[in-house]
Amino acid sequence: MNRLNSFLIPALCSVLALVLTALGCFQLNAAYERHQIERFNAAAGEVVRALKRQLDEDNGVLDAVSAYRRSSPQGNLAGFLEARLRQHAPAGLHAISLAPLILPEQRETFVASQVQRGLADFAIRPAGERPLYAPVALSQGPGNQPGLPAGLDLLADPGHQEVLTESRDTAEARISGQVRLHTSAGGEIPGFVMVAPVFSSGQVAENANERRTSIEAWVVASFSLETWVAQALKGLPPDLALSLVRSSANGETNAIYPVAESTPAAGQSLLVSEQPLSFGTQTWTARVTALPGFLARDGGNPAKYFGLLGLVLATLLFFITMTLTTSRRRAQLETERLNEALSESEERWRFALEGSGDGVWDWDVRTGKVSFSPRCDGILGMSDGKAAEARIHPEDEAGERSAMQACLEGRSTQYASEHRMQGEDGQWRWIAARGMVTQRTIAGAAARMIGTMSDVTERKTVHDKLQDMPQIDALTGLPNRTLFFDRLQQSLRLVKRQRETLALIHTNIDNYKGLIDNFGQTVSNKLIQEVAYRISESIRDSDTVAHLGRDEFMILLPHLSDEQDVHIVLEKIRSALSTDFVIHNRHIGISLSYGVSLFPQHARTAETLFNAAQRATQQARKAGGNGVAFSLAQ
C-alpha cells in the first residue's frame, strides 16, 4: 500500500500539470490566432487601400486628358500629353491614347488624313471589314516613349471592345479586365485599360442609343499589370499573395492578376481576405492570401513552446514528488527521534532558565493547556498558581497574537513579544515573552511550545524617558534632523499666513574625508564643533542651524523680505568660516559648498525645500566647491 501511495501522488500531480498545460496551450493558441487574424486583416486592408489610391490617381489623369479633349477639340493634345507625363507619369502607365470612332464609310478618308499628318505608313490594323473602327490616332508613353502602334483598332480586340462599348453606353469612365497590350516593337504585354468617352456635342446624351450616335472618340489609358501592381504596392511582401478579379456586366468574371496562375499550394493558404476595389460603378475583387511565411514572421505559435515547457515541468514534478513521498517516511522516523531527544533536554533547559530569573511556560497546543513555573506568578504580580489569569492590555493584544500565530504557522522560527499585562494589584507591567515550537505533528502543525517571560518594565520606562528628551545632536549641541524638520514645518505654516519668504541653506565641508585621513577622527569632531559654533554666531536669533550628521549642516532663515537677505547671511557665514581653525596647535583651513532653496520660489513643502537645497549643494560641489548654488524652480 505504501508503495502504491508513493507512486499515485506523483502520477496525479503530473496529470494535473499536463491538464493545466493543455488548457494554457488552448488559451495561447486562441490568442495567437486572434492576433494573426488582426495582423493579417490590417496588412490586407493596407494592400487594398494602396491599390485604391493608385486607381484614383490613374482616374484623375484620365479625367484631365478627357477634359482637355472636350474643351479643346482642335488643341495640341500631343503636346498636352507630353507635358503632363513629363510632370508625373502614373504607376505602370504604358500609354495614353486617343482612339476616334470611325464608320466604314469614313475609313478611307480617315486613313488619308492620317497620312497627310505625316504618318506615311498609317493603316487600320488588323485589316478587314468591321461594323465600327476605333484606330489609335495618337498615343504617348511615359518619358517620351512610344505608346500603342498607330492605327491599332481597339474594337478588333474583344477585351478592348467590351470596355469601349461599356464606356460609350454608360457615358462613364470604365476599367477593363486583363487585356493584351500591343507595343510599338510589335510584341504584347499583359495589362488593363481605363477608358473615358468623348462625345461630339460635348454634352452627354440621356440614353444609350443617342450616345452610340454621338460618340466621337475614346481616351484610353493602358497600364502594364506587373509594373502597376509592383509600383502601387512598392513591392508586395513575399508572404502575401494578391489576385485581382473583375466582374463584367453579364456576371462573368475575368482574372486580372496575377498574369500567370499562382495559387498557393494545398495547405499553404492559411488566411484569406476578399475586399471590393471600386472604380466608379465597377468593382474589382482584391483577394489577399497569407502564406506560411506571414505567420513565421511573427515568431511562431507560442502554444507549442508552452506545451513543451509544460511537458518538461510535468516530468520534473513527477520525479520531485516521487522523491518527496519516498522520503516522507524517513522524515517521520527522524522527527520521532528528534522529539525524544528534545524531551530529554527540556528539563535541563527549564532548570537553566529558572536559575536566570526568567519564568518558564509550557503550552500543549493540541489540548490548549499552559503550564507556568512559580517564577511566572511573581513576574506577573499574581498569587501562586494564578499566572494564567493575568490579563493582556487591549492595545497590545493584536500584536502579541500576530507574533504568536506567525511562530505557530512556521513563518517565524521564534515567538517574541513585548506587551503589557495586569496583575492582581491592578498595575500594568511590561512583559518580554519569548518562545519557540519544540514539537510538530507529522503534518507540520505545532504540537508543543515552550518559552520564557521576564519583567522589562524598568527598561521600558527608561526608554520612554529617553524618547521624551530634547532632540539635540550629541556632538554639537545643535538641533538634529528630527527637531529641524519640526521647526521647518512650523515656520512654513507661519510664513504662508504672512506671505513672507523662507530660505534653507544646506552646506557640506569640501573634502571632509581628506581631513579625517590627515588629522584623524578626534580632530575632525572638534572641527565640526567649531564650525557649528561659528555658524551659530553668524545667524539671527530667529534662525535655526542643525547638524544633520558627519559634515552636513542645514540653516533655516524664516521671515525674509527678499532674496537679498539670503546673500547677506551667506556672506556673514562664509566670512566667519574663512579664518583658519586652531585645533590642538594645528592650523586647519577649510572651504564649504552651499546650496540654497527658497519658499515659495523653489518649493512649497518642507521635504521638497530640503531636497532642493541638498541638490543645489551637489551642483556647487560639482562646480569645484567653495561656492554657492541656488536651486531651480520646480
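The values are calculated or read from the model by the stated rules, or taken from the named source; none is laboratory data. The structure presented is a predicted model; accordingly, all values stated were derived computationally and were not measured. All Cβ positions, glycine included, derive from the backbone under ideal geometry; neighbour counts span all protein chains shown. These accessible areas exclude ligands, DNA and RNA; they are computed on the full protein's heavy atoms, side chains included. Shrake-Rupley method; radii C 1.70, N 1.55, O 1.52, S 1.80 Å.
Structure notes:
- Residue list for region 540-560, restricted to those being crowded, with 19+ Cβ neighbours inside 10 Å and over 13 Å from residue 504 (Cβ atoms): 547, 551
- Those residues of region 417-426 which are exposed (fewer than 15 other Cβ atoms within 10 Å of the Cβ) and out of contact with any Ser or Thr (no Cβ under 9 Å at 6 or more places or on another chain), in sequence order: 425, 426
- Complete set of residues in region 214-231 that are open to solvent by 10 Å² or more (accessible area, probe 1.4 Å) and farther than 16 Å from residue 155 by Cβ: 214, 224, 226, 227, 230, 231
- Screening the candidates 537, 563, 500 for the property of being loosely packed, with under 14 Cβ neighbours inside 10 Å and either more than 22 Å from residue 471 (Cα to Cα) or without any contact (Cβ under 8 Å) to a residue 12 or more places away in the chain (or both) yields one hit, 563.
- Residue check for residue 409: of a type outside the set (Phe, Trp, Tyr), surrounded by fewer than 19 Cβ atoms within 10 Å (Cβ to Cβ) and more than 20 Å from residue 369 (Cα to Cα): no
- The single condition among (1) in a strand (DSSP E or B); (2) in contact with a helix residue (DSSP H, G or I) (Cβ under 9 Å, 6 or more places away or on another chain); (3) at pLDDT below 85 that residue 321 does not satisfy is (1).
- Of all residues making up region 39-58, the number that are under 16 Å from residue 96 (Cβ atoms) and open to solvent by 40 Å² or more (accessible area, probe 1.4 Å): 1
- Listed conditions (1) in a helix (DSSP H, G or I); (2) hydroxyl-bearing (Ser, Thr, Tyr); (3) surrounded by 15 or more Cβ atoms within 10 Å (Cβ to Cβ); (4) modelled with pLDDT of 90 or more are all met by residue 402, apart from (3).
- Given (1) open to solvent by 20 Å² or more (accessible area, probe 1.4 Å); (2) at pLDDT below 85, number of the condition residue 81 does not satisfy: (1)
- Annotation note: of 110, 122, the sole residue that is among the aromatic types (Phe, Trp, Tyr) and either closer than 19 Å to residue 74 by Cα or assigned to a helix (DSSP H, G or I) (or both) is 110.
- Subset of region 143-156 (residues that are surrounded by fewer than 19 Cβ atoms within 10 Å (Cβ to Cβ), free of Cβ contacts under 8 Å to residues at least 60 places away in the same chain and under 15 Å from residue 95 (Cβ atoms)): 143, 145, 146, 149
- Hits in region 501-527 (condition: of a type in the set (D, E, K, R) and not in a helix (DSSP H, G or I)): 510
- Considering only residues in region 492-511 that are over 43 Å from the mean Cα position of the chain (by Cα) and of a type in the set (A, V, I, L, M, F, W, C), the one that is modelled with the highest pLDDT turns out to be 509.
- Taken over region 146-203, the criterion of being more than 26 Å from residue 258 (Cβ to Cβ) and part of a strand (DSSP E or B) is satisfied by 146, 153, 196, 197, 198, 199.
- Scanning region 401-421 for residues that are closer than 15 Å to residue 460 by Cβ and either touching a residue at least 24 places away in the same chain (Cβ under 8 Å) or out of contact with any helix residue (DSSP H, G or I) (no Cβ under 8 Å at 6 or more places or on another chain) (or both) returns 418, 419, 420, 421.
- A Cβ distance below 7 Å, combined with a sequence gap of six or more or placement on separate chains, defines the contacts here; from region 361-374, residues that are under 13 Å from residue 387 (Cα atoms) reach residues that are of a type in the set (S, T, N, Q) and open to solvent by 50 Å² or more (accessible area, probe 1.4 Å) in the pairs 361/371; 362/371.
- The strands (runs of 3 or more DSSP E) falling completely within region 528-610 that include 3 or more residues that are touching a Lys or Arg at 6+ places or on another chain (Cβ under 7 Å) map to 544-549.
- Screening residue 593 against (1) free of Cβ contacts under 8 Å to residues at least 60 places away in the same chain; (2) farther than 24 Å from residue 493 by Cβ; (3) small (Gly, Ala, Ser) leaves a single unmet condition, (1).
- Selection status of residue 449, among the aliphatic types (A, V, I, L, M), under 30 Å from residue 324 (Cα atoms) and open to solvent by 30 Å² or more (accessible area, probe 1.4 Å): no
- Among the numbered conditions (1) without any contact (Cβ under 8 Å) to a residue 60 or more places away in the chain; (2) in contact with an Asp or Glu (Cβ under 8 Å, 6 or more places away or on another chain), the only one that residue 101 does not meet is (1).
- One residue from 174, 212, 180 being modelled with pLDDT of 85 or more, of a type in the set (Lys, Arg) and over 25 Å from residue 284 (Cα atoms): 212
- None of 289, 283, 315, 321 is open to solvent by 60 Å² or more (accessible area, probe 1.4 Å) and either acidic (Asp, Glu) or on the phi < 0 side of the Ramachandran plot (or both) except 315.
- Only a single criterion out of (1) in a helix (DSSP H, G or I); (2) among the aliphatic types (A, V, I, L, M); (3) open to solvent by 10 Å² or more (accessible area, probe 1.4 Å) is not satisfied by residue 62, namely (3).
- Every condition in (1) under 60 Å from the mean Cα position of the chain (by Cα); (2) surrounded by 11 or more Cβ atoms within 10 Å (Cβ to Cβ) is met by residue 87 except one, and the failing one is (2).
- Selection within region 573-613: residues that are surrounded by fewer than 16 Cβ atoms within 10 Å (Cβ to Cβ) and closer than 15 Å to residue 535 by Cα. The member of this set that is nearest to the chain's Cα centre (by Cα) is 591.
- If only residues of region 105-142 that are hydroxyl-bearing (Ser, Thr, Tyr) and surrounded by 13 or more Cβ atoms within 10 Å (Cβ to Cβ) are counted, the one that is nearest to the chain's Cα centre (by Cα) is 139.
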